[in-house]
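Chemist: Structure below; questions to follow.
The values are calculated or read from the model by the stated rules, or taken from the named source; none is laboratory data. Everything numeric here is computed off the predicted structure, so don't read it as measured data. Heads up, the Cβs are rebuilt from the backbone with ideal geometry, glycines too, and the neighbour counts pull from every protein chain shown. The area values use the complete protein model at the heavy-atom level, side chains included, leaving out ligands, DNA and RNA. Shrake-Rupley method; radii C 1.70, N 1.55, O 1.52, S 1.80 Å.
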Amino acid sequence: MPARRTARAAATTAVGLVAVAAGVASGTAAADDAGALTVVAPAAIMAGEPVTVTMTGAGESVEVTVAGSLGTSSFSVAARDGAAELDLPVELTRIAGLTTLYAVSDGAVAVAELRIDPGDVSGIQTIVGARSIVADADDVAMAVALPVDVWGNAAAEGTPVDLLRVRPGGESSSQSLQVENLLAFADLFSGTVAGRNAVWSRVGDVQSVTADLDEVAGLPLPFPVALVEPPGTPHLADGRALVQVRTGVLADAFGNVLADGTAVDFRWQGPDGSGSARALTVAGQAETWMQSPTQPGTVTIEARSKGVASATAVPVDFAPAIDGFPADATVQDGTLTVRVGPARATDGALLPDGAVVVVTADGIEAEGYLDDGRATLVIAVGDLAPRRLSVDILGATVEVEIEDAS
């Protein structure tokens, strides 16, 4: 007769479990006695297979409790001539594991165990971690294959799995693995060529989608730094001109070029003090612009990336942007007026607007800025009576006698 679920599932489960606790041994032994309650079921089935459980030696009805990976379910089955049958629905047999059947009828208890084995592999997932390793022939990642049946059960222990890998250079390889504790795994050692690996797994005709593994360049070797300009280009200390600096290609010991976006820190030291700039590599090279100093002298430029310094430092000599310039100064009623210009560069052109003009004398210091090559500074000096002063523009200094205009 067809089985029907009862509304007394919880109560039946409790009764069944209590009965088992009190009489499993006697119930098991009773299976050998004529007329004793017995449960007949296959020892093992494949996940999702239908199965019919038969009870014999029953009274008018049998209360059956099914306890497995999905919890417990209870059924009340009518008996005819001491026998009853229960068709377990697929939802109770789709999860692999051990399922126990408890039957209770007229105070008698019988127990049977049903092992549900995973079905054939129908899908595989391949996971790789770490997703990025260094191409130094020493780093390692791991690949994990998770084969499952149509119900999501992990493949049976010992199921053979092939792990396949295509390296950045196109070389392919495979490893034979077995499922152990629900999965199969293997180490993936790095090579010496940077690039992307494709990794996937296969069981028979079923294979996973590929997982990516990136092998990246290691630390760069010391790299060159140079100016981006024709040899012999003159440099003037005008505080305005920009000098372009570029690294050579940053590559590791195996010739792998570092990835785009690798940070490079440029640093320089010169007459105006120190300066720095950060740039990112494109096609393995980084470049930046450095502003000319305002004082003549040598600026030394170097760079650093990932803790590795450039192979050499680059010295750049900056000549004075100006040889000299006209200037005069007068003092009247405690006010000092200094007039400068026109100030011209060595090539005859007016110095750029904004060039700093510095005036110093005994107890006096003031700054102004060129505008159209000229500057006028008006300085309150009070009772001070300097006789001479110095005017400095971009490292060029002239001495000026102060005239009394009173």
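Chemist: If we only count strands (runs of 3 or more DSSP E) wholly inside region 40-109, which ones have 3 or more residues that are surrounded by fewer than 18 Cβ atoms within 10 Å (Cβ to Cβ) and in contact with a helix residue (DSSP H, G or I) (Cβ under 8 Å, 6 or more places away or on another chain)? Break it down into steps so the answer makes sense when it comes.
Modeler: Working: elements: 44-46, 51-56, 61-68, 71-78, 83-88, 97-105.
Correct list: empty, since no element meets the threshold.
Rundown of residues vs (1) surrounded by fewer than 20 Cβ atoms within 10 Å (Cβ to Cβ); (2) polar (S, T, N, Q); (3) not in a strand (DSSP E or B), yes/no style:
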| position | (1), (2), (3) |
| --- | --- |
| G261 | yes, no, yes |
| D265 | yes, no, no |
| Q269 | yes, yes, no |
| A277 | yes, no, no |
| M290 | no, no, no |
| Q295 | yes, yes, yes |
| V299 | no, no, no |
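Chemist: Let me ask something else about it. Given region 137-193, what strands (runs of 3 or more DSSP E) lie entirely inside it while holding 2 or more residues that are open to solvent by less than 30 Å² (accessible area, probe 1.4 Å)?
Modeler: Details: elements: 140-148, 160-166, 172-178, 184-189.
Counting at least 2 such residues, we get 140-148, 160-166, 184-189.
Chemist: Being open to solvent by less than 20 Å² (accessible area, probe 1.4 Å) and at pLDDT below 90 is true for just one of I402, I364. Which residue is that?
Modeler: I364
Chemist: Then there's this: If I ask for residues that are closer than 15 Å to A237 by Cα and crowded, with 18+ Cβ neighbours inside 10 Å, which ones from region 331-348 would you list?
Modeler: Listed by number, the residues that qualify are A343, A345.
Chemist: Related question: Yes or no: region 238-252 includes at least one residue that is in contact with a strand residue (DSSP E or B) (Cβ under 9 Å, 6 or more places away or on another chain), among the β-branched types (V, I, T), under 28 Å from T397 (Cα atoms) and open to solvent by 20 Å² or more (accessible area, probe 1.4 Å).
Modeler: Step one: list which residues in region 238-252 are in contact with a strand residue (DSSP E or B) (Cβ under 9 Å, 6 or more places away or on another chain), which gives 238-252.
With the extra rule that they be among the β-branched types (V, I, T), the set shrinks to 243, 245, 247, 249.
Okay, now just the ones that are also under 28 Å from T397 (Cα atoms), so 243.
Checking the rest, the ones that are also open to solvent by 20 Å² or more (accessible area, probe 1.4 Å) come to none.
For region 238-252, residues in contact with a strand residue (DSSP E or B) (Cβ under 9 Å, 6 or more places away or on another chain), among the β-branched types (V, I, T), under 28 Å from T397 (Cα atoms) and open to solvent by 20 Å² or more (accessible area, probe 1.4 Å): absent.
Chemist: Look at region 382-406 and say how many of its residues are under 60 Å from the mean Cα position of the chain (by Cα) and either assigned to a strand (DSSP E or B) or of a type in the set (A, V, I, L, M, F, W, C) (or both).
Modeler: In the first step, residues of region 382-406 are kept if they are under 60 Å from the mean Cα position of the chain (by Cα); the result is 390-398.
Checking the rest, the ones that are also either assigned to a strand (DSSP E or B) or of a type in the set (A, V, I, L, M, F, W, C) (or both) come to 390-394, 396-398.
Result for region 382-406: 8.
Chemist: D328 - would you say it is open to solvent by 60 Å² or more (accessible area, probe 1.4 Å), more than 39 Å from the chain's Cα centre (by Cα) and either of a type in the set (A, V, I, L, M) or within 27 Å of A375 (Cα to Cα) (or both)?
Modeler: Details: open to solvent by 60 Å² or more (accessible area, probe 1.4 Å): yes; more than 39 Å from the chain's Cα centre (by Cα): yes; either of a type in the set (A, V, I, L, M) or within 27 Å of A375 (Cα to Cα) (or both): yes.
Yes; evaluated as a whole, the condition is true for this residue.
Chemist: Any chance region 196-213 includes a residue that's of a type in the set (D, E), open to solvent by 40 Å² or more (accessible area, probe 1.4 Å), farther than 23 Å from E302 by Cβ and in contact with a strand residue (DSSP E or B) (Cβ under 7 Å, 6 or more places away or on another chain)? Step through it out loud before you land on a result.
Modeler: Step one: filter region 196-213 for residues of a type in the set (D, E), giving 205, 212.
Filter once more, so that each one left must be open to solvent by 40 Å² or more (accessible area, probe 1.4 Å): 205, 212.
Still in the running and farther than 23 Å from E302 by Cβ: 205, 212.
From what is left, the residues that are in contact with a strand residue (DSSP E or B) (Cβ under 7 Å, 6 or more places away or on another chain) are 212.
The answer is yes; a qualifying residue exists.
Chemist: Would you please list the contacts, defined by Cβ atoms under 7 Å and residues six or more apart or on different chains, that run from a residue in region 268-286 that is without any contact (Cβ under 8 Å) to a residue 40 or more places away in the chain to a residue that is of a type in the set (F, W, Y) and open to solvent by 20 Å² or more (accessible area, probe 1.4 Å)?
Modeler: Matching pairs, first to second residue: S274/W268; G275/W268.
Chemist: Turning to a different aspect of this structure: Across region 119-133, which residue is nearest to K306 (Cα to Cα) among those that are open to solvent by 30 Å² or more (accessible area, probe 1.4 Å) and out of contact with any Asp or Glu (no Cβ under 7 Å at 6 or more places or on another chain)?
Modeler: Taking the candidates together, the pick is A130.
Chemist: So which residues in region 367-395 are more than 22 Å from P296 (Cα to Cα) and surrounded by 15 or more Cβ atoms within 10 Å (Cβ to Cβ), if there are any at all?
Modeler: L377, I379, V381, P386
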